[in-house]
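Novice: Questions regarding the structure given below will be posed in turn.
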């Protein structure tokens with residue numbers, strides 16, 4: 001089964017700004033080519049900037065956006081109670097867990113307390 005990824009807001013911004021090392025940029029490009037997946041929180045964050053670059057608008061339009069449902073809400077509550085992380089991060093983590101997705105983020109420290117959450121930091125390329 002192919003790995004599936006949830007793209008965090010910072011990963012999309014850094015990808016569009018060409019900030020990743022070449023190998024990671026290629027990995028993220030492949031993830032996007034295979035169908036980007038976002039949490040509703042990521043979409044809100046990305047489109048809430050005063051000036052949104054066209055490539056970010058395009059990416060959010062082509063992405064599968066995972067909305068809140070009862071399962072994600074229940075898992076978010078559990079994550080918040082057990083990990084004491086910010087609500088947006090808890091929703092993102094719960095979404096990744098609920099849909100069995102690897103979370104692509106450079107802010108791994110925000111999510112390390114979440115048991116069972118697999119992380120991919122694009123600044124540390126996968127082999």
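Novice: Compute the angle between helix 87-98 and the longest alpha-carbon principal axis of the chain, please, reported from 0 to 90 degrees and rounded to the nearest 10.
Specialist: 90
Novice: Once the Cβ-Cβ distance between residue 40 and residue 18 is put in as r, and R0 is 22 Å, what FRET efficiency do you end up with, to the nearest 0.05?
Specialist: Efficiency for this residue pair is about 0.25.
Novice: Now for a separate question. Tell me what the chain gives for mean residue ellipticity at 222 nm when only DSSP H runs of n ≥ 4 count, each as -39,500 (n - 2.57), the sum divided by the residue total, rounded to 500 deg cm²/dmol.
Specialist: -15000 deg cm²/dmol
Novice: Kirkwood Rh over Cα pairs of the chain into Stokes-Einstein at 10 °C, 1.306 mPa s: D in µm²/s?
Specialist: The diffusion coefficient I find is 108 µm²/s.
Novice: If I build a Gaussian network model for the chain, linking alpha-carbon pairs within less than 10 angstrom, which residue out of 108, 52, 65 has the largest mean-square fluctuation?
Specialist: For the chain, modelled as a Gaussian network with Cα springs under 10 Å, the answer is 52.
Novice: Angle, helix 70-83 long axis vs. longest principal axis of the chain, Cα atoms, 0 to 90°, nearest 10?
Specialist: Helix 70-83 sits at roughly 80 degrees to that axis.
Novice: Something else about it: Can you grab the distance from the C-alpha centre of the stretch 104-122 to the C-alpha centre of the stretch 48-63, Å, no decimals?
Specialist: So the separation of the two Cα centres works out to 23 Å.
Novice: Taking the 0 to 90 degree range and rounding to the nearest ten, how far is the long axis of helix 22-33 tilted relative to the main principal axis of the chain, both from C-alpha atoms?
Specialist: On a 0 to 90 degree scale, this one is about 70.
Values in this text are rule-based calculations from the coordinates and carry no lab data. The structure displayed is predicted, hence computed values, not measured ones. Here the Cβ is made from the backbone with ideal geometry for all residues, glycine too, and neighbour counts use every protein chain on show.
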